[in-house]
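**Student:** Would you mind keeping the following structure in view while I ask a few things?
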Amino acid sequence: MNDPITQLIAREELPEDYAQIVEKHWKPLATKIARRAADRKPLIVGINGAQGSGKTTVCKVLEILLKQRGLRALTLSLDDLYLTYAERLQLAAEVHPLFATRGVPGTHAVAMGFAIIEDVLAGRAFEIPKFDKSYDDRSNELTRVSGPVDVLLFEGWCVGAAAQPPEKLRRPINVLESEEDPDAIWRTLVNHWLGEDYSRLFALIDMLVMLKVDHFDAVLANRRKQEEKLAAMNPLGPGVLDEDALIRFVSHYERLTRHMLDEMPERADVVIEIDRSQTPQP
């Protein structure tokens, strides 16, 4: 039990065969990252994947594997850059009601992400915020990190995403868009911000890794598992979603998730297929 990977598997209550997954998939990925880092440090690695694709666990494993290769790796989650609940309510009141829901481009503090990555690139100390999903708000907790960092794992559901062609925005993709964004104001703004501020942020990524789920339908099932974990940790948390709220919540992500599944595999540096059981293939 002294092996850190074994300890992580036990702590996270991962499947018994997860050690084999580490050997087959995550060790080769760690080797690719380490080789890139040999030529460029600090290295910014984007880890893209739909909800429930296993990004958080993969990053924890990669931190350990890269440490074993003599590299200091830390993770920055796009989720921890969400605007506060109050900021999103203000955005919803002034711009469009759908921005009250966290997730899409426009609901993150992009400037905070820039500042963190710039500190990493400069070898300076920095602070990583924490977003509490059970309360749907940014917590007061900050993690202070001293520099330098060799590898920053920048993970998030839309990390590295590219904007859609404007003509693709005209037709609603689901009931949420049809009923709550009939004039395409919300999705047009999401796409605009993705092509502007987020594009500049993602341009700082040196290596893009995509954990590719097989279909958007898997997202709801995987997200449901996440909500069950949140409810177990904090049953009274106001941010925990019931089934109807969960379906509506995931609908906010559908358009961009489908777009990424279509176009990102051709330009990502590494693509790892994730099946419906959240297991990398083949």
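The values are calculated or read from the model by the stated rules, or taken from the named source; none is laboratory data. Computed from a predicted structure; not experimentally measured. So basically every Cβ, Gly included, is an ideal-geometry build from the backbone, and we count neighbours across all protein chains shown.
**Student:** For the stretch 67-119, how many residues are more than 20 Å from the chain's Cα centre (by Cα) and under 28 Å from A38 (Cα atoms)?
**Tutor:** Residues in the stretch 67-119 being more than 20 Å from the chain's Cα centre (by Cα) and under 28 Å from A38 (Cα atoms): 7 in total.
**Student:** Ok, one more. Checking N222 against (1) at pLDDT 75 or above; (2) under 17 Å from the mean Cα position of the chain (by Cα); (3) of a type outside the set (K, R), which test does it fail?
**Tutor:** Every listed condition holds for N222 apart from (1).
**Student:** Let me ask something additional. Taking L176 as the residue in question, decide whether it is touching a His at 6+ places or on another chain (Cβ under 8 Å) and either assigned to a helix (DSSP H, G or I) or crowded, with 16+ Cβ neighbours inside 10 Å (or both).
**Tutor:** Answer is yes for this residue.
**Student:** Within the stretch 253-282, which residues are part of a helix (DSSP H, G or I) and in contact with a Phe, Trp or Tyr (Cβ under 9 Å, 6 or more places away or on another chain)?
**Tutor:** Listed by number, the residues that qualify are Y253, E254, L256, T257, R258, M260, L261.
**Student:** To continue, here is another question. Would you be able to tell me the number of residues in the stretch 112-149 that are surrounded by fewer than 17 Cβ atoms within 10 Å (Cβ to Cβ), in contact (Cβ under 8 Å) with a residue 40 or more places away in the chain and under 15 Å from Y198 (Cα atoms)?
**Tutor:** Here the count works out to 1.
**Student:** Sticking with this one: Kindly indicate whether any position in the stretch 67-90 is in contact with a Lys or Arg (Cβ under 8 Å, 6 or more places away or on another chain) and of a type in the set (K, R).
**Tutor:** yes
**Student:** What residue, among those in the stretch 34-64 that are at pLDDT 95 or above and β-branched (V, I, T), is surrounded by the fewest Cβ atoms within 10 Å (Cβ to Cβ)?
**Tutor:** Only one residue tops the list, namely I64.
**Student:** Being part of a loop (DSSP other than H, G, I, E, B), over 14 Å from the mean Cα position of the chain (by Cα) and of a type in the set (G, A, S) is the filter here, so list the residues in the stretch 137-172 that pass it.
**Tutor:** S146, G147, A162, A163
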